Amino acid sequence: MKRVVITGAGTINALGHSVAETMTAMAEGRCGIGPLVFRDVERLSIQIGGQVRGFEADGRYNRQQMSLYDRFTQFTLAAAAEAIAQSGITFSGELAAKSGVVLGTAGGGVSTWDDNYRSVYEDGKNRVHPFVVPKLMNNAAASHVSMEYNLKGPSFTVSTACASSNHAMAQAFQMVRTGMAPAMVTGGSESMLCFGGVKAWEGLRVMSKDACRPFSANRNGMVQGEGAGIFVFEEYEHARARGAEILCEVAGFAMSSDATDIVMPSKNGAARAIAGALSDARLNPEEVGYINAHGTGTAANDKTECAAVADVFGPHADKLMISSTKSMHGHLIGGTGAVELLACIMALRDGVIAPTIGYEEADPDCALDVVPNEARDAKVNVALSNAFAFGGMNAVLALRKV
Amino acid sequence: MSVTDKIFEIIAEQAVLETSDVTLESTLEDLGIDSLGLVESIFAIEEEFDITVPFNANEPTNSDFDISSVSKIIEGVERLLKEQAG
């Protein structure tokens, strides 16, 4: 078994267009959620979200690229450029042949579906642009990253709703750990903030109209976000040999399936994933200092997640910190675990714990240290990142300070 | 603008060239238009002239629409405009 480390990170989300901007915003407890701006937003009952602002794709990508890149691909490529530049890795020869890209997304090119359905159904057009399919397909982003960076090894896209990124990163981790690939580009992205995307979510009646307040007794639902988080996972000796900066180690993971309900989470499924990640990473529960919670701000998630943490950690549950950064960047659905991994890196590398903002009222069912409203300085050696998806599919990553 | 001018414009845009770089004799290959650029050009022509171009990307040379040069494309479009008028 090889050791796996993260040597590059990149992101774009409602809090910033880079890792540095995002971490600064998290440390300041800034909220990136605001009024949504897009066509027909006035017909939605939910009009807030963590929208990426000031991202000018037109200047970044040429006309041919624009005709092929849905917004979720644009986000992915922007974040990948940052991650790969930081890593300093160049994929050529044997390294290129063995290294690949595994990404998560729940919806893929949602706005491409939306725009083209509008065109044929609402506008009655009978002709669509020839690249609708290659633009909207869920693997488009992974494919463009592979083409841009010459990644010729195992590459594919994982789609497990809100756990997509964690499943993708777990898979990439496993490939590097087993020696199958010396490095993998991994993470995820999502861009559902368009009329059809938000309208579909409205139907479930789980969305908040005013704010995302995870673990707070007065919470009233989730808020969607958008963006991408991309990382370079690399074999430890490979990274050391080329003198790469190491952000942290990926120590282990676990996946589990509730096998109970298509939307309601299960404490048992979540607990099995958390305990499984600890066991895979050969960690004692007492070593965990921080958990980046799934923390969606829905009653169903927050209560179940806290109960699962209490079950797995016993008395140590009261000593560790657990926060949900969704309160700041919103729920990036298939990209969420990737952006949230940044909070784990910040905890391990910088000793800064991102807060759960919007926290107003204690909930006896969530009686853990949720790092309310203000970031905290703390030395943390081990962090977990939780993701529990619709469909009961869970993936938890364990990370360690290097 | 004439059909010829419009087609020069569409093809030049696809090829990322000036319209002055496009000649009647140019082939799409000369202009560096690949298979994706070709289907995009056909789409742009259909949109511009509101016609349906009988083009099958599986068998580009066997389609009922000659794409062997810019002048052939113009001829084809003019024929389709007559056939599909009204």
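Read-outs: derived from the displayed coordinates by stated rules, not from any lab. In this text the structure is predicted, and so the values were computed from the model without any measurement. Don't worry about glycine lacking a Cβ; one is built from the backbone with ideal geometry, like all the others, and counts go over all protein chains shown.
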Practice item. Determine, from the Cβ-Cβ distance of A:Arg240 and A:Glu94 and an R0 of 22 Å, the FRET efficiency 1/(1 + (r/R0)^6), rounded to the nearest 0.05. Key: 0.75
Study note, to complete from the structure: Quick calc: nm separation of the 7 Å Cα→Cβ label points for B:Asp50 and A:Thr260 -> 5.9 nm
Revision key, fill the gap. Under 5 Å from the placed amide H of A:Asp369, counting only residues 5+ away or on other chains, we find A:Ile322
**Study point:** Cα shape, the range A:4-241, gyration tensor, a/c 1.5 rule
**Key:** oblate
Point to revise | Mean Cβ count within 10 Å, highest first, over the residues of peptides A:248-258, A:109-119 | key: A:248-258, A:109-119
Exercise for review: Treating each Cα of the range B:3-83 as an identical point scatterer and ignoring solvent, apply the Debye formula and state log10 I(q)/I(0) at q = 0.15, 0.19, 0.23 Å⁻¹.
Suggested key: -0.44, -0.74, -1.14
Exercise for review: Across the range A:4-241, how many lysine pairs, 8 or more positions apart or on different chains, have C-alpha atoms separated by under 29 Å? Please give the number.
Suggested key: 7
Check your understanding: Counting alpha carbon pairs within less than 8 Å and at least 6 residues apart, what relative contact order, in whole percent, applies to chain A?
Key -> 24 percent
Check your understanding: What order, most packed first, do the peptides B:71-83, B:18-30 have when packing is the mean number of other Cβ atoms within 10 Å of each residue?
Key -> B:71-83, B:18-30
Practice item. From other protein chains only, count the Cβ atoms within 10 Å of every residue's Cβ in A:263-276, then give the mean. Key: 0
Exercise for review: Give a quick list of trypsin sites (Lys or Arg not before Pro) in the range A:1-65 that DSSP marks as loop, anything other than H, G, I, E or B, with at most 13 other Cβ atoms within 10 Å.
Suggested key: A:Arg39, A:Arg53
Exercise for review: Go through A:134-140, A:197-203, A:167-173 and give me the packing order, highest mean Cβ count within 10 Å leading.
Suggested key: A:167-173, A:134-140, A:197-203
Study note, to complete from the structure: Between B:Lys82 and B:Asp30, the FRET efficiency computed from the C-beta separation at R0 = 45 Å comes out, to the nearest 0.05, as 0.95
Review point. Exactly which GluC sites (Glu not before Pro) in the range A:296-402 are in a DSSP loop and have at most 15 other Cβ atoms within 10 Å?
Key: A:Glu360, A:Glu361, A:Glu374
Exercise for review: Between beta-carbons, use under 13 Å as the cut-off and find the net charge around A:Met184, counting Lys and Arg +1, Asp and Glu -1.
Suggested key: +2
Check your understanding: Amide H to amide H under 5 Å from A:Val52: which residues, 5+ apart in sequence or cross-chain, H placed 1.01 Å off N in plane?
Key -> A:Glu226
Review point. Residue by residue, what Karplus-based ³J(HN,Hα) values in Hz, rounded to whole numbers, does the range A:229-234 have, using 6.51, -1.76 and 1.60 with θ = phi - 60° and x for Gly and Pro?
Key: x, 10, 9, 9, 9, 9
Review point. Can you list the HN-Hα couplings for the range B:39-50, worked out from phi with the Karplus curve (6.51, -1.76, 1.60; θ = phi - 60°), rounded to whole Hz and with x for Gly and Pro?
Key: 5, 5, 5, 4, 4, 5, 5, 4, 5, 5, 9, 6
Point to revise | Directionally averaged projected area (convex hull, Cα atoms, the range A:230-378), nm² | key: 9.4 nm²
Exercise for review: Grab the Cα-Cα distance for A:Val132 and A:Met66, subtract it from 0.36 nm times how many residues apart they are, and report the gain in nm with one decimal.
Suggested key: 22.6 nm
Review point. For the protein assembly as shown, what is the convex hull volume of the alpha-carbon atoms per residue, in Å³?
Key: 156 Å³
Review point. Residue by residue, what Karplus-based ³J(HN,Hα) values in Hz, rounded to whole numbers, does the range A:275-287 have, using 6.51, -1.76 and 1.60 with θ = phi - 60° and x for Gly and Pro?
Key: 5, x, 5, 5, 5, 4, 8, 6, 10, 7, x, 5, 6
Revision key, fill the gap. Surrounding charge for A:Tyr69, neighbours by C-beta under 15 angstrom, Lys/Arg +1, Asp/Glu -1, total -4
Point to revise | the range A:342-396-the range A:265-295 distance, computed between alpha-carbon centres (Å) | key: 12 Å
Review point. Of all the C-alpha pairs in the range A:58-144, what % are more than 16 Å from each other?
Key: 61 percent
